[in-house]
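So the structure is just underneath, and the comments pick up after that.
The values are calculated or read from the model by the stated rules, or taken from the named source; none is laboratory data. Since we're looking at a predicted model, the values are computed, not measured. A quick note on method: Cβ atoms are made from the backbone with ideal geometry, for glycine too, and the neighbour counts reach across all protein chains shown. Areas reflect the complete protein model, heavy atoms only, side chains present, ligands, DNA and RNA absent. Shrake-Rupley method; radii C 1.70, N 1.55, O 1.52, S 1.80 Å.
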Amino acid sequence: MKDKQLNTKVIAAADEVLTKQIHQKYVSAKKKETKNVRLVQLAILLLFFALWEAAARLRWIDVLLFSYPTKVFRLLWDKLLDGSLLPHVGVTVVETIIGFALGTLFGTALAVIIWWSPFLSRVLDPYIVVLNSMPKVALGPLFIVGLGPGLLSIIATTLSITVIITTLVVYGSFKEVDQNYVKVVTLFGGNQRKIFLKAILPASFPAIVSTLKVNVGLAWVGVIVGEFLVSQMGLGYLIIYGFQVFNFTLVISTLFVIAIVATIMYQLVSYLEKRLTKHR
């Protein structure tokens, strides 16, 4: 009996060691793959800049319209040194964060309300479809007249883009929840509130968190469009100003800044998504 128990322990210990070795190999392989992906991404980016620079130097492209990397980076560096760039970046980032947060909250709340009342869902369905298909830029003049040419108009433009998409995505995730979960809660006497808290919300949580990443891009679109229309500060204003004075190097430089800041925000939201889903 003792020998049998000893053999069982030895086998279990060997299995544990083997499992750890397999896991370590898997983690090592994933890290190596991630490193290779990053290297290829960096190589593609550097190749793009090199081809762009060469095309401009060899006059394959019109440098007045398309500029070239060294000129773009020099302009950005000069604007960083004279302090004229960061205020515009700060204004746009603040507006984007506000639009992102409010769009996510209002969109999720509207999805909950629609799910809660099937009658209301049927009533609002055609209106949501129409609002989603309507070009949001067309609403800009209405926001300017109603809210004034300022921050409120920009936030309203952003919300017109983010709220409807968030509502559709989150409500869709509510409807796709396995009905067996709902039946289990109902069998134990759960009311609609219990069904939502115990079945619908937990099952839809990954979709709700994933919506945050979608809203980052949508919030940037809304803010830049709003700044095109009304702002005297911000990255959208710089793009319009550069176009008006025919300074396309400024336009491309601003687009480059938007790409960097938007990527940082996206990575932060991705990190938040991993942290939230990890603890579930």
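If you scan region 138-172, which residues turn out to be surrounded by fewer than 16 Cβ atoms within 10 Å (Cβ to Cβ), under 24 Å from Val93 (Cβ atoms) and either modelled with pLDDT under 85 or outside the structural domain of Phe100 (by the TED database) (or both)? Let's see the steps before the verdict.
Residues of region 138-172 surrounded by fewer than 16 Cβ atoms within 10 Å (Cβ to Cβ): 138, 141-142, 145-146, 148-150, 152, 172.
Remaining after also requiring under 24 Å from Val93 (Cβ atoms): 148-150, 152.
Hits for region 138-172 are Gly148, Pro149, Gly150.
Residues are listed down the side, and each one gets a yes or a no for (1) under 28 Å from Asp62 (Cβ atoms); (2) out of contact with any Asp or Glu (no Cβ under 8 Å at 6 or more places or on another chain):
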site: Asn215; (1), (2): no, yes
site: Val230; (1), (2): no, yes
site: Tyr237; (1), (2): yes, no
site: Phe243; (1), (2): yes, yes
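Go through region 64-89 and give me each residue that's among the β-branched types (Val, Ile, Thr) and touching a Ser or Thr at 6+ places or on another chain (Cβ under 9 Å).
Just the residues of region 64-89 that are among the β-branched types (Val, Ile, Thr), to begin with: 70, 72, 89.
Within region 64-89, just Val72 meets the criteria.
State all residues of region 231-251 that are in a helix (DSSP H, G or I) and surrounded by 22 or more Cβ atoms within 10 Å (Cβ to Cβ); if no residue qualifies, say none.
Leu235, Gly236, Leu238
Restricting attention to region 193-208, and to residues there that are touching a helix residue (DSSP H, G or I) at 6+ places or on another chain (Cβ under 7 Å) and over 16 Å from Ala109 (Cβ atoms), which single residue is least open to solvent (accessible area, probe 1.4 Å)?
This residue is Ala199.
Only residues that are open to solvent by 40 Å² or more (accessible area, probe 1.4 Å), over 22 Å from the mean Cα position of the chain (by Cα) and free of Cβ contacts under 8 Å to residues at least 12 places away in the same chain: list them for region 108-128, please.
Ile113, Pro118, Phe119, Leu120, Arg122, Val123, Leu124, Asp125, Pro126, Tyr127
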